[in-house]
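FYI, it's all coordinate maths here, none of it is from the lab. As the structure is a prediction and not an experimental result, all values here were calculated from the model. Positions of Cβ are generated from backbone atoms using ideal geometry, with glycine treated the same way; all protein chains shown enter the neighbour counts.
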Amino acid sequence: MKKSFELVKSIYKSIQPLGCVAHGLHLLCSDILKISSVHEFLKKNSNIVHVIKRSQLLSSVFKKYQISKGIKIQLKLPVKTRWGSFLFCLESLFQNKSVLQAMAVDENLPTSLIRPIKLTLLDDNKYWENVSKMISLLTPIVDAIISIESNNNQIHLFRTLVNDVENQIELFFSKSMLNPLFSIAEEIKIVADIKKKKLFILGTVHLAAELLDPKTQGCKLNSNERIYTLEFIYELGISMGVNIMEDLSNYQSKTDKFAKKFIWENSLLSEPLKWWQFLNHISPLSKVAVRILSAPCTSAATERTFSTFSWIHNKKRNKLTTVRAGKLTYLSYNWKLKNKMCSISKKNEESSENSSVVIEEIQSSSNDIAPMNTEQSSSSQSDSDSDQSIIYDDTGSDEELISSSDEED
């Protein structure tokens, strides 16, 4: 891909090719999972989930133990096309550890069903310790992917985000010196893979976005990075026909137009892109800044569109024209977004109404406490009513969580 980037830049010098940051971090996860010891370990995890889900008896016993222990997280299988699904599989196993171990020692279950996974589930010293370590290793990568997947313009945060992932992984290996899952050579390889992926993910445009972030102004850039970044911004301004040399100097030193106090007060309250759009007719540098900060650096939105399109244009309905399929995809995608926001607002309104009712009941019961003999029954009744309302809310939310998790599975 880097070769194709170079070919494009050699022909079209004004184009700046960018690698997908989320895809680059997912490739880092894939490199870790391809290690032989990790691959065998993950196969063992998937086997545990398969054994339980394929048996109706084990699935029903698993749900009974979940209800008795108050655990609502369902077991999840990893999916190759879902970023971070391997971490979700490990987390679902670890959160159901007590349920799985209770099933392993249940004498009422047929031995033939539970035998393939019994010893693994009861191995606290090795298996569950490795599950915990893999979760600690993959969590910073998956958290970074999730934060990047949004539709917001976050290019100014990507360099810091990738550096944080690298630091957390190096810290993980430095803390676990005696790691039964990774050899020293494999640890060195993982750290080297991170540096390779950084070359694919990050470019000069990410440094420029960090420099144009008014909150930080590239405070973490070293002298060499700052020089390359200033050169990139200056050349981009020339290609756009904008003279930004003086404006760029004033921005860094906070002089002339950028000496106004209200400008920097707004920078703390708004996103960098909106801040530069606010200065659109004041500063020539704003045109270059808006172009850099509005650059799409992840293909997550495109992947979501492809997922929606696969439901519109399928094997049974495959004679749609390109225009009609595009319109249906547009309507379907935006309808889901609108209904999602409506459902969130309805839940917030219901929770606020319920909380206000409970507060009113508590206040009325506290005001009517004076005569103990005559008002004791009414106060206890109001307390029981408030308790019932609280229990009703909790059970309702629990049912929603269970149903949503079942739908996901």
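Quick look at the numbers
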read-out: At most 11 other Cβ within 10 Å, DSSP loop - trypsin sites (Lys or Arg not before Pro), region 94-185; value: 126
read-out: Charge sum, other residues only, whose C-beta stays under 12 Å from residue 211's C-beta, Lys/Arg counted +1 and Asp/Glu -1; value: 0
read-out: Evaluated over region 43-82, the Cα radius of gyration and Dmax, each in Å; value: 11.4, 34
read-out: Enclosed volume per residue, in Å³, of the convex hull spanned by Cα atoms of region 46-201; value: 142 Å³
read-out: Ordering of 88-95, 328-335 by packing [mean C-beta count within 10 Å, highest first]; value: 88-95, 328-335
read-out: Ascending count of other beta-carbon atoms within 10 Å, so fewest first, for 128, 276; value: 128, 276
read-out: Neighbour net charge for residue 123 - beta-carbon separation under 15 angstrom, K R +1, D E -1; value: +3
read-out: Sites residue 274 and residue 15, calculated FRET efficiency, Cβ-Cβ separation with R0 35 Å, nearest 0.05; value: 0.85
read-out: Förster radius 56 Å - calculated FRET efficiency between residue 281 and residue 315, Cβ distance, rounded to 0.05; value: 0.60
read-out: Cut-off 13 Å between beta-carbons: net charge of the residues surrounding residue 243, Lys and Arg +1, Asp and Glu -1; value: -2
read-out: Dimensions (Å) - region 119-270, Cα atoms, principal axes, largest first; value: 71, 31, 26
read-out: Descending semi-axes in Å of region 6-82, equivalent ellipsoid built from Cα gyration tensor; value: 44, 16, 10
read-out: Contour excess over end-to-end distance, with Cα ends at residue 325 and residue 260 and 0.36 nm allotted per residue; value: 18.3 nm
read-out: Ellipsoid semi-axes in whole angstrom, largest first, where each is sqrt(5λ) of the Cα gyration tensor of region 227-344; value: 42, 19, 11
